[in-house]
Amino acid sequence: INSISPPTLTQLLKMSLKFITDESERNATFIRKRNQLVKELAELAVLHGAETCMIIYNPCKGEYEAWPNPREVHRLTMRFEALIEAQKNKAKEKEEEDKLMVKFP
C-alpha cells in the first residue's frame, strides 16, 4: 500500500509560496491553517506545560482573533513585557557594575 507522506522541511523550503487568488480557496486554506496552528499550540501547552497564545488577523472576517481568549492573550503579553523589562534592567545594572569595577579594581 502506497501512503503519501508529508513533505520534508527541505521540500517545504524549496516550495514557492504564493498568494492564493481564489477567494473561497484562500478562506478555506486560512481556516485550515489557523486550526492547525491552534492544535499545535494546544499540544505544546498540554505536553510541555508551555503558556501559549496567538493573535491572528482573519481576512475572511476582517478582524483579529485571540486564542485561547483575549484575557489570556493579554495576561501572557503583560508577563512577556514585564520579563523583557526585567531583562533590560538586569543588563543595565550589570553594565553599571562593570563600569564601577573598571574604575575601582
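Picking from residues in the stretch 1-16 that are polar (S, T, N, Q) and part of a loop (DSSP other than H, G, I, E, B), the one that is farthest from GLU51 (Cα to Cα) is ASN2. Of all residues in the stretch 30-43, those being under 12 Å from the mean Cα position of the chain (by Cα) and open to solvent by 50 Å² or more (accessible area, probe 1.4 Å) number 2.
Restricting to the stretch 51-65, and then to whatever is farther than 26 Å from GLU25 by Cβ and open to solvent by 40 Å² or more (accessible area, probe 1.4 Å), can you tell me which residue is nearest to the chain's Cα centre (by Cα)? Among those residues, the one meeting the criterion is CYS53.
All conditions but one from (1) loosely packed, with under 12 Cβ neighbours inside 10 Å; (2) assigned to a helix (DSSP H, G or I); (3) among the aromatic types (Phe, Trp, Tyr) apply to PHE19; the one that does not is (2). Does the stretch 31-54 contain any residue that is touching a Cys at 6+ places or on another chain (Cβ under 8 Å) and either aliphatic (A, V, I, L, M) or at pLDDT 95 or above (or both)? Within the stretch 31-54, one or more residues are touching a Cys at 6+ places or on another chain (Cβ under 8 Å) and either aliphatic (A, V, I, L, M) or at pLDDT 95 or above (or both).
Here the stretch 30-72 is the region considered, the condition is being outside any helix (DSSP H, G or I) and of a type in the set (S, T, N, Q), and the residue that is farthest from LEU17 (Cα to Cα) is ASN69.
The values are calculated or read from the model by the stated rules, or taken from the named source; none is laboratory data. Predicted model, so just to flag it, every value in this text is computed and none were measured. So basically every Cβ, Gly included, is an ideal-geometry build from the backbone, and we count neighbours across all protein chains shown. Keep in mind that these areas ignore ligands, DNA and RNA; they rest on the heavy atoms of the full protein, side chains included. Shrake-Rupley method; radii C 1.70, N 1.55, O 1.52, S 1.80 Å.
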